[in-house]
1. Just a yes or no: is a residue in the stretch B:2-15 closer than 22 Å to A:His153 by Cα, in contact (Cβ under 8 Å) with a residue 12 or more places away in the chain, open to solvent by 50 Å² or more (accessible area, probe 1.4 Å) and among the basic types (Lys, Arg)?
2. Of all residues in the stretch A:50-84, which are in contact with a His (Cβ under 9 Å, 6 or more places away or on another chain), over 26 Å from A:Ile141 (Cβ atoms) and hydrophobic (A, V, I, L, M, F, W, C)?
3. With respect to the numbered conditions (1) part of a loop (DSSP other than H, G, I, E, B); (2) surrounded by 20 or more Cβ atoms within 10 Å (Cβ to Cβ); (3) aliphatic (A, V, I, L, M), which one is the sole condition not fulfilled by A:Ala79?
4. Do the conditions hold for A:Ala34, that is, is it surrounded by 17 or more Cβ atoms within 10 Å (Cβ to Cβ) and either at pLDDT 95 or above or touching a Phe, Trp or Tyr at 6+ places or on another chain (Cβ under 7 Å) (or both)?
5. How many of the residues in the stretch A:96-117 are outside any loop (DSSP other than H, G, I, E, B) and either crowded, with 18+ Cβ neighbours inside 10 Å or over 25 Å from the mean Cα position of the chain (by Cα) (or both)?
6. Restricting to the stretch B:1-41, name every residue that is in a loop (DSSP other than H, G, I, E, B) and either within 19 Å of A:Glu137 (Cα to Cα) or among the small types (Gly, Ala, Ser) (or both).
7. Out of all the residues in the stretch A:30-54, which are assigned to a loop (DSSP other than H, G, I, E, B) and under 19 Å from A:Ala161 (Cα atoms)?
8. Go through A:Ala197, A:Ala210, A:Ala242, A:Ala133 for me and flag whichever is open to solvent by less than 60 Å² (accessible area, probe 1.4 Å) and either aromatic (Phe, Trp, Tyr) or out of contact with any Phe, Trp or Tyr (no Cβ under 9 Å at 6 or more places or on another chain) (or both).
Amino acid sequence: MDLKEYRTGLYHALWTRQIPDRVPVAQGVDIVYALQYGGYSLLRDQYSAEKCYEAVDNITALIDSDVAPVGFSANGVPAIISGSKINVMGKDGFWQHPNYAPMKDTEYPEFINNFAEFNNLVDMRLNSAYENAKDEEELAITKLRVQVATQRHFKKTASIAARINEKYQFATHERSLGTTLSPFDNLSNRYRSFTGALNDLRRRPEEVLAAVRLICDNNLRRLDTMPEPQEGQRIFMPLHLATFMKESDFKKFWWPFFKEFVDKAASQNRRLFIFCEDKWDRYMDYLEEVPEDAHIMFEYTDPRLAKERLGKNHVLSGFFSVDILKNATKEKCADEVKKLLDIVAPGGGYIFKSDKGPLILGDAKLENIQTAIATVKEYGKY
Amino acid sequence: MTIKNFRKMTRAELMERYSLTEEDKYLLDELEAVEEEVSQIIAKEGEK
C-alpha cells in the first residue's frame, strides 16, 4: 500500500465508522506562516504563484500531516480591486477584517421588503470601488475585474494544492462543498456586524427574525444548486455568535435556522464540517440534534463532554490549544497530546488538529507542531 | 449589459490607481493579467 492509499484509508475508516490504523493528523498552518517561515516578503510575495508554491513546498516538507498542511486565508487581489471595507491589508501585508456594518439598524424594512435589491446596495457599501463607479458601465467592468481576479486566485491555489498533494501523497479526504454561515451569523457578518446584530436582538426582535428567515430561505435554495457530494466532501460551517448569546436568544434566533439548514443538507446526503468556535459545553443538548456523520471541530469546548455526548455519531477534531504549540516545551507539548488522545481517541472518530490553525509565524513553534504530529503517530496507534 | 468603453489599464496607470510601486511587482503582474483577461472576455462578448 502506498502512502496516499494509507492516508486516505485512515479517513475512509473514520467516515465509515471503523477504527483506523491510527489517529489521522490534519495539522496545518496558513500561507502567511509559510511565507514568513521561508523568509519571504508577505507584502510582495503573497501575489506570486511561484513564490507561494516554494513557501508551501518548503514548509510541507517539515510538517508530516496526513492532508496538505497549508491553507490560504487571504484572497487579496479581488479585495484590492473592489476596495473592500471588510478585507483590508495592513502595512505588513497581513489582511485585517474590521467590524464594519454596511446596514443601519433602521434599515430592516428595506431588507425585508426587497431582499435582492437590498443585497445589491450592501455590496455597493462594502466595496468603495463599486460605490465610486461613475456609471453603470464602470461598475460592470469593476465587478468583472473582481470576478476574474477571484477565479485566478482559486486556480492558483488549486494548482498549488494539486502539485503538493501529488508530491507528498496526501489524503484528499475533505474536499469543500463550499462555506455557509448559520443565518444569524450571516446577519452579523455581512450586514450588521457582531455588536450590531446582538443589539438588534433586544431592540427589534421581530425584524431580526424576519431578516434571518430570508437569509435562511436563501441558504436553503443554494443547497439545491450544489453539485452531488462525493465521499469526504463537506459543507464548511464556522459557527460564530452562538456562544455570545443568552440561551433564550440562541433558542429563538440562532438554533432553529441552523437546524433547518443542516436537516435539509442531511436529507440531500450532504455532510457537514462544523467548526464550533469558542466554548459549546452548555449547548450539548442542541448539538446532539445535528444529523449524524458530521465532522465537528472544537475550540475551547471540554473534550471529555464532547466525546461522551457526540463521539458516537460524529467525527470530532480540534481541542488542542494552539497556545501549547506556541509556548510549551517539546516535552510538555507531547504530554498534552497524550492527555488529549486518552480522552478523544478511544473507539476512533477523532482527527488531530489544533483548535485554531497557526496564521502567523508567532502563533506556533514549528518544533512543537512536529512534536505533536510525531506523538500522535506513535501514541495514537490503535 | 454590453460594455463599449473598456480600455486596459497600463502598468503605470495600475500603479497610480492602487498607489503601488515597482516593489509590488507580483501584485502588478497579477493586476495586468486581470486586465488582459477582462479585455479578452469583453472582446468575445462584443463579437456575439
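1. Yes, the stretch B:2-15 contains a residue that is closer than 22 Å to A:His153 by Cα, in contact (Cβ under 8 Å) with a residue 12 or more places away in the chain, open to solvent by 50 Å² or more (accessible area, probe 1.4 Å) and among the basic types (Lys, Arg).
2. Within the stretch A:50-84, A:Val67, A:Phe72 qualify.
3. (1)
4. So A:Ala34 fits the description; yes.
5. 12
6. Correct list: B:Met1, B:Thr2, B:Ile3, B:Lys4, B:Asn5, B:Phe6, B:Arg7, B:Lys8, B:Met9, B:Ser19.
7. Scanning the stretch A:30-54 gives A:Gly38, A:Gln46, A:Tyr47, A:Ser48.
8. None of the other options fit; the residue is A:Ala133.
The values are calculated or read from the model by the stated rules, or taken from the named source; none is laboratory data. The model shown is predicted, which means the values in this text are computed figures rather than measured ones. Quick reminder, even Gly has a Cβ in these numbers, built from the backbone with ideal geometry, and neighbours come from all protein chains shown. In case anyone asks, the SASA skips ligands and DNA or RNA and just uses the protein heavy atoms, side chains included. Shrake-Rupley method; radii C 1.70, N 1.55, O 1.52, S 1.80 Å.
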